[in-house]
1. Consider ARG60 carefully, then state whether it is assigned to a helix (DSSP H, G or I) and within 23 Å of the chain's Cα centre (by Cα).
2. How many of the residues making up region 69-81 are loosely packed, with under 11 Cβ neighbours inside 10 Å, in a helix (DSSP H, G or I) and either of a type outside the set (Gly, Ala, Ser) or in contact (Cβ under 8 Å) with a residue 12 or more places away in the chain (or both)?
3. What residue, among those in region 27-61 that are among the small types (Gly, Ala, Ser) and surrounded by 11 or more Cβ atoms within 10 Å (Cβ to Cβ), is farthest from LYS2 (Cα to Cα)?
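Values quoted throughout were computed directly from the atomic coordinates according to the rules given, and no laboratory measurement underlies them. Not measured: the values here are computed from a predicted model. Using ideal geometry, Cβ is built from the backbone for each residue, glycine included, and neighbour counts are taken over all protein chains shown.
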Amino acid sequence: MKTVALHRVKDDLSRLLRQAEKEEIVITRHGKAAGVLRGFASEDDWFDYRLENDPRFLDRVARARTQLREGRSTSLEALREKAEQEVRESGG
């Protein structure tokens, strides 16, 4: 992780943003950490970041983990078997 003073960020944002695609850059103000510059090398990286920081998604993950711990989950194999059975019953 690289550290850069705010006045340098203002002067050289484009170059620093390209560097931030590879590593986060801590921005300091008066010698103290004030923020982080994080770049995205691809649209997938941007999507992943948004997903990982979306409170709705994080809530769904937490609920799913709770259901799993409480035994209220369905395995992928059970879902496949159910789907196959429904296909057989429908004559497909």
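1. yes
2. 5
3. Ranking the qualifying residues of region 27-61, first place goes to ALA41.
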